[in-house]
Amino acid sequence: MSLPLPASQRTLGADLRALRKARGVTLADLVQRLGRSVGWLSQVERDLSEPSVADLRGIAAALDVPLSLLFAHSGAPKDEAGYIVRRNARRPIGAGKPGLTEELVSPDLTDDFEMVHSTFQPGARAAGPHTRPTQEVGYMLSGRLDLTIAGRRFAVGAGDSFRIRGEPFDWHNPYDIPAVAIWVIAPPVY
């Protein structure tokens, strides 16, 4: 387990490093995709150099995250940064799947896990089963959701929880109201 970083070290660079490592991408792999040097990326990850907007676009594309995740680092008051995430300051994450809104509830991506607030609109459906090298626990805040985990079908509703251990899974909200869940995912994948 990694020790928590002081709030002053929870930065864009730290999140970039965490995202890169969570995806198993080396510095050399990422700079090859970006057309930059290892030294430059190392400086960005240590907050010694500030990437341009074009660099951030390239990094977001290479790491398959929305650009907005990399921009939303400066909303918290200084004494709350790295500790508190206010409802209106959550960072949008995910691949922008139709009918699914995902927001980062964790202050940053430097921990051994991340927390995600997901809203599944009526009729929304995953594109098909997918597998991630993670352990995940979800807790349903409201609504209902149909899940398929490792080929087994489940219907979950408010107050229910579920676990996924690197198994293929998908989801569908065939109901008339949005389903809202909180996910804890380890290691961070967004």
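The values are calculated or read from the model by the stated rules, or taken from the named source; none is laboratory data. Remember, it's a predicted structure, so these values are computed and weren't measured experimentally. Methodologically, a virtual Cβ is constructed for each residue, glycine included, from the backbone with ideal geometry; neighbour enumeration extends over all protein chains shown. To get the accessible areas, we keep the full protein, side chains included, count just its heavy atoms, and leave off ligands, DNA and RNA. Shrake-Rupley method; radii C 1.70, N 1.55, O 1.52, S 1.80 Å.
Distance between the pseudo-spin-label points of His130 and Arg86 (7 Å out from Cα toward the beta carbon): 3.2 nm.
Highest GNM mean-square fluctuation among His130, His117, His172, for the chain modelled with Cα contacts below 10 Å: His130.
Per-residue ellipticity at 222 nm for the chain, helices alone: DSSP H runs ≥ 4 residues times -39500 (n - 2.57), over residue total, nearest 500 deg cm²/dmol? Don't skip to the end; give the middle numbers.
Details: 5 runs with 43 residues, N = 190.
Helix-only estimate at 222 nm: -6500 deg cm²/dmol.
Using a 1.4 angstrom probe, figure out how much accessible area segment 63-168 has per residue, in square angstrom, rounded to the nearest whole.
I get 56 Å² per residue for this part.
For Ala158, the residues whose modelled amide H falls within less than 5 Å of its own, excluding neighbours fewer than 5 places apart on the same chain, are Gly143.
In this label model, Gln121 and Leu67 are separated by 2.2 nm, measuring between points 7 Å along each Cα→Cβ vector.
Rolling a 1.4 angstrom probe over the chain with all protein chains present gives an accessible area of which 53% lies on carbon and sulfur atoms. Comparing Gly99, Gly24, Gly138 in a Gaussian network model of the chain (Cα springs below 10 Å), the most mobile by mean-square fluctuation is Gly24.
For the pair segment 137-177 / segment 35-66, the C-alpha centres are spaced 35 Å from each other. Largest mean-square fluctuation among Ser106, Ser49, Ser118, in a Gaussian network model of the chain whose springs join Cα atoms under 10 Å apart, belongs to Ser49. For segment 169-175, putting each phi into the Karplus relation 6.51 cos²θ - 1.76 cosθ + 1.60 with θ = phi - 60° gives couplings of 8, 8, 9, 7, 10, x, 8 Hz, in residue order, rounded to whole numbers and with x for Gly and Pro. Backbone phi angles across segment 41-46, fed through the Karplus curve with coefficients 6.51, -1.76 and 1.60 (θ = phi - 60°), yield HN-Hα couplings of 5, 4, 5, 5, 5, 9 Hz in residue order; Gly and Pro are listed as x.
Full extension of the chain between Lys21 and Gln43 gives 6.3 nm of extra length, using 0.36 nm per residue less the Cα-Cα distance.
The overall shape of the chain, judged from the alpha-carbon gyration tensor, is prolate: a/c is not under 1.5, and a/b is greater than b/c. Note that segment 117-126 has calculated 3J(HN,Hα) couplings of 9, 10, 10, 9, 6, x, x, 5, 8, 5 Hz, one per residue in order, obtained from phi through the Karplus relation 6.51 cos²θ - 1.76 cosθ + 1.60 (θ = phi - 60°); glycine and proline are x.
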